[in-house]
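The values are calculated or read from the model by the stated rules, or taken from the named source; none is laboratory data. Keep in mind it's a predicted model, so treat the numbers as computed, not measured. Counting neighbours? That spans all protein chains shown, and the Cβs are built from the backbone with ideal geometry, glycine included.
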Amino acid sequence: MGKPKFYDFCVHAAPDGDHTATELVSLARHFGYSGIAVANHSDKLPDKKSVMPSVEGFEVFRGIELVEENPSKLHSLIGKFRSSMDVLIVHGGSEAVNRAALENHRVDILNHPAFDRSNGLNQVLAKAAAENGVAIGITLRPFLHSRGSRRIRLLSDLKANLELTRKYEVPLVLCSDAMSCFDLRSPMETLALAEVCGLEEDEALDAISTVPERILTKNRPGPGYVREGIEVLEGEDLF
């Protein structure tokens, strides 16, 4: 087995974050990532379609984090952006939004599911996530920027959600949710922080490498792709 590739699938660049995509890419590459997804919030997109930085030996993926409290409007946004995005994330935070995201197979990741006094997930939603292949995002920035009772609440919510994702085999994606270069952490630091937060070593590794690669494979099908479940094989691929 070769050396795993590490990805950060939720990084916010200007005008959403404090630094440009070029600055974030440069630092992430220096840290040892194989690629990142620039996923600005949908209400903080630039006026014009941004050009992703091109760096040899490093992949920059086009992403978005949809912010919408109305489930019907959220489904419309998913339809609007799905075909143009490598990574489509929904910013959760209510039962209605979480349900709309987890029941839609076109969504890749649900971030920030917790709200009020709820961890954001239950058995029904966890089953929906597993059935539709929607990953639960574990974002490190809130843990790094919180203290005291706020951090205790975040850890409690994460523990409850981990129990559900393990029971129903829901995929996890581990990401920085960086709003600036100062929020980025190296893959090894990210894995260590994840284990401190309650993830097992193999869970954390899958969440930063295997699951992101699976999402890319789904959203970037090969040249023989026709539609889901159907692929045209030619030449040596036949045997």
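With (1) of a type outside the set (D, E); (2) in contact with a strand residue (DSSP E or B) (Cβ under 8 Å, 6 or more places away or on another chain); (3) within 26 Å of Y168 (Cα to Cα) as the list, and A114 as the residue in question, which single condition is left unmet?
Of (1) of a type outside the set (D, E); (2) in contact with a strand residue (DSSP E or B) (Cβ under 8 Å, 6 or more places away or on another chain); (3) within 26 Å of Y168 (Cα to Cα), only one is false for A114: (2).
Could you please find all residues in the range 173-192 being among the aliphatic types (A, V, I, L, M), over 21 Å from A129 (Cα atoms) and within 17 Å of the chain's Cα centre (by Cα)?
A178, M179, L184, L191
Just to be sure, is L174 touching a residue at least 12 places away in the same chain (Cβ under 8 Å), crowded, with 19+ Cβ neighbours inside 10 Å and touching a strand residue (DSSP E or B) at 6+ places or on another chain (Cβ under 7 Å)?
The answer is yes for L174.
Of the residues in the range 64-83, how many are among the charged types (D, E, K, R) and in contact with a Leu (Cβ under 7 Å, 6 or more places away or on another chain)?
Number of matching residues: 2.
Just checking: which of the helices (runs of 4 or more DSSP H) contained wholly in the range 1-105 hold 2 or more residues that are among the basic types (K, R)?
Where helices (runs of 4 or more DSSP H) fall fully within the range 1-105 and carry at least 2 residues being among the basic types (K, R), they are 71-81.
Sort out which residues of the range 87-113 are over 22 Å from M52 (Cα atoms) and either in contact with a Phe, Trp or Tyr (Cβ under 9 Å, 6 or more places away or on another chain) or among the aliphatic types (A, V, I, L, M) (or both), and write them in order of number.
Once the filter is applied, which keeps residues that are over 22 Å from M52 (Cα atoms) and either in contact with a Phe, Trp or Tyr (Cβ under 9 Å, 6 or more places away or on another chain) or among the aliphatic types (A, V, I, L, M) (or both), the range 87-113 yields G92, G93, S94, E95, A96, V97, N98, A100, A101, L102, L110.
Out of the residues in the range 129-143 that are in contact with a Leu (Cβ under 8 Å, 6 or more places away or on another chain) and surrounded by fewer than 22 Cβ atoms within 10 Å (Cβ to Cβ), which is farthest from A192 (Cα to Cα)?
Filtering first and then ranking leaves N132.
Looking only at the range 98-150, count every residue that is at positive phi and within 16 Å of the chain's Cα centre (by Cα) and tell me the total.
Total meeting the criteria: 2.
What's the number of the condition L66 fails, among (1) among the aliphatic types (A, V, I, L, M); (2) surrounded by fewer than 18 Cβ atoms within 10 Å (Cβ to Cβ); (3) modelled with pLDDT of 95 or more?
Evaluating L66 over (1) among the aliphatic types (A, V, I, L, M); (2) surrounded by fewer than 18 Cβ atoms within 10 Å (Cβ to Cβ); (3) modelled with pLDDT of 95 or more leaves (2) as the failure.
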